[in-house]
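Encoded as structure tokens, the structure appears first; notes follow it.
A short reminder: the numbers here are calculations on the coordinates, not readings from a lab. This is a predicted model, so every value here is computed, not measured. Counting neighbours? That spans all protein chains shown, and the Cβs are built from the backbone with ideal geometry, glycine included.
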């Protein structure tokens with residue numbers, strides 16, 4: 001192997017690669033913009049929708065209750081509800097989203113209350129419709145407040161303490177460190193994205209540098225130069241690997257920034273301080289990269305080998321598209337709840353890296369599995385490079401007709 | 001110096017089985033001479049030349065170029081050969097100068113030698129006007145000149161041309177023919193394949209007639225004319241190849 005020659009090939013491929021507009025789009029623009037757009041787009045859209053649903057004063061209708069003025073007065077007094085006059089088609093109005101909910105007060109409700117015989121108040125709403133759901137919640141809250149008030153008055157009348165009906169309080173508190181909370185919510189997603197993007201980043205240059213070269217007729221030109229095929233294939237491989245890394249690094253940076261921004265704006269919005277934790281430790285991100293490194297080598301070598309069999313760009317694309325599924329399926333499997341790392345899965349390429357990334361992001365370092373996964377992926381990657389070099393030396397592949 | 005010794009190449013095709021593209025071809029060509037390889041499409045010209053340029057490996061036999069064996073020392077052979085064919089395209093996103101420099105570096109030239117070599121070739125081929133233009137923006141003639149510059153940058157003693165003028169307009173073809181003659185005048189060993197008889201008459205010292213992978217006839221143009229009592233080269237080829245073509249037609 002002649003390192004100088006490998007460097008010459010790499011420099012030339014890099015020059016050509018940087019001059020290709022398609023490259024800029026697939027390797028730089030897409031990963032940089034996809035996340036901010038996707039994450040902030042989807043989340044802020046849902047935040048806007050939920051926010052506006054929450055802000056809305058829901059229109060509700062009261063059915064019955066003519067003989068129960070107290071409860072009706074309490075509902076009408078609630079400023080977060082707009083009680084509108086009764087209409088016969090109230091069910092239809094809920095379905096048509098003209099009103100959000102309806103409260104059915106049973107006959108002689110007030111009298112039963114006074115006699116201590118409980119009756120049921122029914123709230124009617126449109127299941128799955130977010131604004132109707134909030135409307136029903138509001139009505140329930142208002143009714144609960146009325147009920148609590150009634151209980152308080154009754155206890156006072158009998159000179160009993162309020163603690164009689166609430167002898168103790170219950171609350172929930174998170175004790176996991178913020179990094180783990182953030183990791184658990186987005187950790188598996190980050191590992192998944194790094195894996196998918198290091199493959200998509202390698203895909204385009206892998207085609208361009210092999211089948212693309214055959215199609216443009218430059219393969220014979222380069223093969224007539226004195227460079228050895230080993231050096232040539234290594235120079236090409238390094239460029240594909242760089243593209244894969246660039247895409248992964250850019251996307252994770254952009255994803256990290258998007259999440260940080262999102263976490264910041266969410267905790268700001270949530271005054272109670274219980275905002276969703278979105279910070280990832282720099283250490284864990286670096287660790288994810290280190291784990292993804294041999295996988296990127298594997299992708300670059302495998303994609304290059306497959307694309308080399310094709311005669312044209314299009315043919316290569318049709319060979320490599322199924323590869324996307326081969327990568328996506330194990331990567332998605334790792335996100336599934338309950339799929340945990342074990343010695344057998346630690347040997348399954350892609351899935352193992354995806355699973356270990358999930359653990360690393362949550363701050364869990366099982367060194368035995370980390371070493372095993374890194375080593376096994378390195379072995380697969382080395383085998384893939386060997387295969388790529390061998391394929392490049394086969395005339396039947398280079399001059400397939 | 002080129003010396004082909006029993007070069008043979010067999011391919012395997014799923015439908016047609018084994019294909020004998022070249023069979024036991026031997027010839028030699030000395031410095032300052034042009035050897036013309038003549039034959040129809042599919043006769044084995046391209047395969048023979050690709051074996052000389054070490055792009056393909058012979059199934060049997062070998063060739064020695066400038067003292068290096070194409071099988072044992074393919075990289076050294078390539079360092080001594082300039083190879084040009086209609087299939088040797090240029091990298092579209094490199095400029096003419098970058099392309100020539102790239103091949104200079106692949107040939108191991110140091111930066112100082114490379115710079116003077118590139119300047120010299122660009123002046124000689126009158127290429128300074130499009131030095132910094134990307135190859136995908138060049139006209140056919142400019143592309144051809146850039147290809148020539150690419151084959152010359154390492155100043156190889158042996159030049160291999162595979163149908164270098166196919167598909168080119170008259171003016172561009174003339175440039176190529178002039179360049180081939182110039183190579184001979186500079187003492188290089190030149191081998192080229194073509195269909196165009198006027199090019200053969202103008203350039204070749206020796207010719208070899210190849211058909212169905214076999215070298216059927218060899219000699220200087222005057223020798224062949226005497227042997228076949230025919231002045232027209234095309235007629236000579238028909239006389240050499242014709243009986244075989246006719247018997248193949250009857251057999252099939």
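Reported to the nearest whole Å, the Cα centre-to-centre distance from the range B:190-230 to the range A:306-333 is 49.
Compared with the dominant principal axis of the Cα atoms in chain A, helix A:41-55 is inclined by about 0°. Say we join alpha carbon atoms closer than 10 Å with springs in a Gaussian network model of chain A; which of A:16, A:82, A:156 then has the biggest fluctuation? Of the options given, A:156 has the highest mean-square fluctuation.
Once a ≥ b ≥ c are taken as the square roots of the eigenvalues of the Cα gyration tensor of the range A:95-233, is the result rounded (a/c under 1.5), prolate (a/b larger than b/c) or oblate (a/b not larger than b/c)? Walk me through the numbers on the way to the answer.
Values: a/c = 9.95, a/b = 3.05, b/c = 3.26.
Note, shape of the range A:95-233 comes out oblate.
Taking A:74, A:381, A:260 as the candidate residues, the one with maximal mean-square fluctuation in a Gaussian network model of chain A, Cα springs under 10 Å, is A:74.
Would you please classify the overall shape of the range B:102-183 from the alpha carbon gyration tensor, given that a ≥ b ≥ c denote the square roots of the eigenvalues, rounded means a/c under 1.5, and beyond that prolate means a/b larger than b/c while oblate covers the rest? The shape class here is oblate. On the principal axes of its alpha carbon atoms, the range A:1-74 extends 96, 24, 15 Å, with the longest extent given first.
Pair-distance distribution P(r) for the range A:33-107, from all Cα-Cα distances in 10 Å bins starting at 0: 17, 35, 23, 14, 9, 3, 0 percent.
Contact order for the range B:1-149, expressed relative to its length and based on alpha carbon pairs under 8 Å spaced 6+ residues apart, stands at 19 percent. At q = 0.08, 0.11, 0.15 Å⁻¹, what is the base-10 log of I(q)/I(0) for chain B according to the Debye formula with one equal point scatterer per Cα and no solvent? Please give it to two decimals. The computed values of log10 I(q)/I(0) come out as -0.33, -0.61, -1.08. If R0 equals 30 Å, the separation of the Cβ atoms of residue B:230 and residue B:19 corresponds to a calculated FRET efficiency of about 0.40. Counting neighbouring Cβ atoms within 10 Å and putting the fewest first, the residues B:204, B:135, A:357 line up as B:135, B:204, A:357.
Only bridges with both residues in chain B count here: give the DSSP antiparallel percent, nearest 5. Counting only bridges with both partners in chain B, antiparallel ones make up about 55 percent. When each of the peptides A:103-116, B:205-218 is scored by the mean number of other C-beta atoms lying within 10 Å of its residues, the order from highest to lowest reads B:205-218, A:103-116.
The Cα center of the range B:1-47 and the Cα center of the range A:227-247 differ in position by 34 Å. Approximating the spin labels as points 7 Å out from Cα along Cα→Cβ, the residue B:30-to-residue A:347 distance works out to 6.7 nm.
When the helix-only estimate is applied to the protein assembly as shown (DSSP H runs of n ≥ 4, each -39,500 (n - 2.57), divided by the residue count), what is the mean residue ellipticity at 222 nm, nearest 500 deg cm²/dmol? List each step's numbers first, then the result.
Working: 25 runs with 364 residues, N = 653.
After summing the helix terms and dividing by residue count, I get -18000 deg cm²/dmol.
Note the full-extension length gain between residue A:49 and residue A:393 as 0.36 nm times their separation in residues minus their Cα-Cα distance, in nm to one decimal. Don't skip to the end; give the middle numbers.
On the way: separation 344, 0.36 × 344 = 123.84 nm, distance 5.87 nm.
Taking 0.36 nm per residue and subtracting the Cα distance, the gain is 118.0 nm.
In the protein assembly as shown, the DSSP beta bridges split such that about 50 percent are antiparallel, to the nearest 5.
Summarise the long-distance tail of P(r) for the range A:303-401 by giving the % of C-alpha pairs beyond 21 Å. If you can, show how the numbers build up before the last one.
Values: 2301 of 4851 pairs.
Roughly 47 percent, once rounded to a whole number.
Answer rounded, prolate or oblate for the range A:108-158, using the Cα gyration tensor with square roots of eigenvalues a ≥ b ≥ c: rounded when a/c is under 1.5, else prolate when a/b is larger than b/c, else oblate.
On the way: a/c = 4.97, a/b = 2.04, b/c = 2.43.
Since a/c reaches 1.5 but b/c is at least a/b, the shape of the range A:108-158 is classed as oblate.
Between A:347, A:49, A:209, the GNM of chain A built on Cα springs shorter than 10 angstrom shows A:49 fluctuating the most. Spacing of the modelled spin labels on residue A:28 and residue B:198, each 7 Å from Cα toward Cβ, amounts to 5.0 nm.
Could you tell me what % of all Cα pairs in chain A have separations over 27 Å? All intermediate terms of the calculation are to be shown ahead of the outcome.
Working: 51828 of 80200 pairs.
Value for chain A: 65 percent of Cα pairs lie more than 27 Å apart.
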